[in-house]
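One structure is given here, and the rest of the page talks about it.
The values are calculated or read from the model by the stated rules, or taken from the named source; none is laboratory data. The structure presented is a predicted model; accordingly, all values stated were derived computationally and were not measured. Cβ placement follows ideal geometry from the backbone for every residue including glycine, while neighbour counts extend to all protein chains displayed.
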Amino acid sequence: MKSNISFLWMAAICLLISGCSNYRELNELGVIIGMGIDHNDDPDNPYKVTYQVINPSGLSQTSTSGGKGLAVINYTVTAKTLVEAYSKASAIIPRENNFSHLSLIIIGEELARNGLDLLFDAVDRGKHQRVSVPIFIARGKTAEYLLGVIEPLEMTPGKNIISTTKSEQSDYGSTNEVLLYEFISALMSEGKDVSLPGISIRNDSKEAKQLSNFETTAPAYIEAKGLALFRKGKMVRWLDRETARGVQFVTSDIKRTDVVIPCSEKGIVTITAIRVKSKMKTKIHHEKPVIYTNLNVMGEMMQTSCDLDMSDPKLLSEFERKLENELKKQIKRTISITQKEKSDVFGFGDALSRTNPDYWRLQKKNWDNLFSDAEISMKVNVDIINSGMRMEPYKSK
């Protein structure tokens, strides 16, 4: 019995000792929370990589010892590859580099247009790399510039980018969060292209990267803006607002969004889609693919500037048809753009490979051209379940 007790004590002591063997003080680590990757004009070092590192003293502004500096510090290096960039960064970041808290990756637009096919080979190949990290495209600016913006409400640009994108996704739906492993998977797929959310700067000025950005009621700030469309690993164009939202409708990535339609010559009605379910499939007709999309939308009548009696079921049916036609028009416009660019960001090719594997095996190398010429068949069904607590709009006396 005593020998058993002694063994348990020894095991417990070993666990405690081993648990502390990897212990590091925060001020001994260079905790990297954001990474920006840009094109560099030097052909010998084609990548410019920016690492955003937490500054512990800047985070402790309210501590008794007092804070010092900003919450983050950016370090930039140029290199041939991402692996080499990481090695070079160790020469300028005065602490042990740590990627365990990496929260986002930003890619400059110029680099995205040049192509991203093998950019993340090291990440996908590495044993200890984080691949569940959201990835964004810096619109009209470099990733280095965006990571340097002093945010008025958040302590770090990265936190603001993630929060803003999620807010836009939940309330309007023109963008969606894409994780690095999803991005790599889409690059490897023969039946689906990539789309990535864009970020930009509103009210950009010289003060955007200075503390004086806090001292105005109209500061520079980061905004979610558009969807970057890719074809075979290269960015080809931007989609904005309704055309970007059309992608999310087809892929069922809409959580909530508002659609405005006319109710009279000058009046409008706002209907909020609160549930979206889409089904897509591809069939072969006369040796050519036909793309079918079936969209079911549940909505609520949220606002009107027309004199309408919402208790009339015929009126609700009328607006259901109007919304169906409006969504058809918007989504067809989106699909038409993607067909023109030969960019199947919806994954229709993937759907075809599952339903018609023999045809796909013969035609997959030519899918971009087949997708570009494919016939589109679309059905939209809208069910307005709620017209609000007021049956008639209030009128001014």
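Among residues of segment 359-388 that are within 17 Å of THR282 (Cα to Cα) and outside any helix (DSSP H, G or I), those with a Cβ under 6 angstrom from a residue that is among the hydroxyl-bearing types (Ser, Thr, Tyr) and at pLDDT 90 or above, sequence gap 6+ or separate chain, pair up as SER377/TYR292; MET378/THR293. Looking at VAL260, is it touching a strand residue (DSSP E or B) at 6+ places or on another chain (Cβ under 7 Å), modelled with pLDDT of 90 or more and within 25 Å of GLN339 (Cα to Cα)? No, not satisfied.
This table checks each residue for (1) crowded, with 23+ Cβ neighbours inside 10 Å; (2) in contact with a Lys or Arg (Cβ under 8 Å, 6 or more places away or on another chain); (3) charged (D, E, K, R).
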| site | (1), (2), (3) |
| --- | --- |
| MET235 | yes, yes, no |
| LEU239 | yes, no, no |
| VAL247 | yes, no, no |
| THR251 | no, no, no |
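Condition (residue is outside the structural domain of MET155 (by TED's automatic domain parsing) and either modelled with pLDDT under 90 or surrounded by fewer than 19 Cβ atoms within 10 Å (Cβ to Cβ) (or both)) applied to segment 211-219: is it met by at least one residue? No; the residues of segment 211-219 include none that is outside the structural domain of MET155 (by TED's automatic domain parsing) and either modelled with pLDDT under 90 or surrounded by fewer than 19 Cβ atoms within 10 Å (Cβ to Cβ) (or both). The conditions of being surrounded by 18 or more Cβ atoms within 10 Å (Cβ to Cβ), out of contact with any strand residue (DSSP E or B) (no Cβ under 8 Å at 6 or more places or on another chain) and β-branched (Val, Ile, Thr) are met by ILE150. Being closer than 30 Å to ASP358 by Cβ and part of a helix (DSSP H, G or I) is not true of ILE291. Looking at segment 302-316, which of its residues are assigned to a strand (DSSP E or B) and surrounded by 20 or more Cβ atoms within 10 Å (Cβ to Cβ)? Once the filter is applied, which keeps residues that are assigned to a strand (DSSP E or B) and surrounded by 20 or more Cβ atoms within 10 Å (Cβ to Cβ), segment 302-316 yields only THR304. The residue of segment 177-206 that is farthest from PHE249 (Cα to Cα), among those that are part of a loop (DSSP other than H, G, I, E, B) and either among the aromatic types (Phe, Trp, Tyr) or modelled with pLDDT under 85 (or both), is SER205.
Using the structure shown, decide if ASP344 is assigned to a loop (DSSP other than H, G, I, E, B), under 30 Å from LEU370 (Cα atoms) and touching an Asp or Glu at 6+ places or on another chain (Cβ under 9 Å). So ASP344 passes the test. A Cβ distance below 7 Å, combined with a sequence gap of six or more or placement on separate chains, defines the contacts here; from segment 325-339, residues that are in the same structural domain as GLN248 (by TED's automatic domain parsing) and without any contact (Cβ under 8 Å) to a residue 24 or more places away in the chain reach no residue that is of a type outside the set (D, E, K, R) and assigned to a helix (DSSP H, G or I).
Of everything in segment 338-367 that is crowded, with 17+ Cβ neighbours inside 10 Å and among the charged types (D, E, K, R), the residue that is nearest to the chain's Cα centre (by Cα) is ASP344. In segment 83-108, the residues that are farther than 20 Å from PHE136 by Cα and without any contact (Cβ under 8 Å) to a residue 12 or more places away in the chain form Cβ pairs under 7 Å with partners that are of a type in the set (Gly, Ala, Ser) and crowded, with 18+ Cβ neighbours inside 10 Å, at six or more places apart or across chains, as follows: LYS88/ALA79.
ILE335 meets all of the listed conditions (1) surrounded by fewer than 20 Cβ atoms within 10 Å (Cβ to Cβ); (2) out of contact with any Lys or Arg (no Cβ under 9 Å at 6 or more places or on another chain); (3) modelled with pLDDT of 90 or more but one, namely (1). Restricted to segment 162-192, and to residues there that are within 20 Å of MET35 (Cα to Cα) and among the aromatic types (Phe, Trp, Tyr), the residue that is surrounded by the fewest Cβ atoms within 10 Å (Cβ to Cβ) is TYR181.
One residue stands out among those in segment 218-232 that are assigned to a loop (DSSP other than H, G, I, E, B) and touching a helix residue (DSSP H, G or I) at 6+ places or on another chain (Cβ under 6 Å): the one that is nearest to SER174 (Cα to Cα), which is ALA220. Of all the numbered requirements in (1) surrounded by 16 or more Cβ atoms within 10 Å (Cβ to Cβ); (2) at pLDDT 90 or above, ILE33 misses one, and that requirement is (2).
Screening the candidates ILE268, ILE261, ILE274 for the property of being outside the structural domain of SER167 (by TED's automatic domain parsing), surrounded by 13 or more Cβ atoms within 10 Å (Cβ to Cβ), without any contact (Cβ under 8 Å) to a residue 60 or more places away in the chain and in contact with an Asp or Glu (Cβ under 7 Å, 6 or more places away or on another chain) yields one hit, ILE274.
A quick yes/no check of all residues on (1) aliphatic (A, V, I, L, M); (2) under 26 Å from ASN40 (Cβ atoms):
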{"residue": "THR142", "(1), (2)": "no, yes"}
{"residue": "PRO152", "(1), (2)": "no, no"}
{"residue": "SER163", "(1), (2)": "no, no"}
{"residue": "SER170", "(1), (2)": "no, no"}
{"residue": "VAL178", "(1), (2)": "yes, yes"}
{"residue": "GLU190", "(1), (2)": "no, no"}
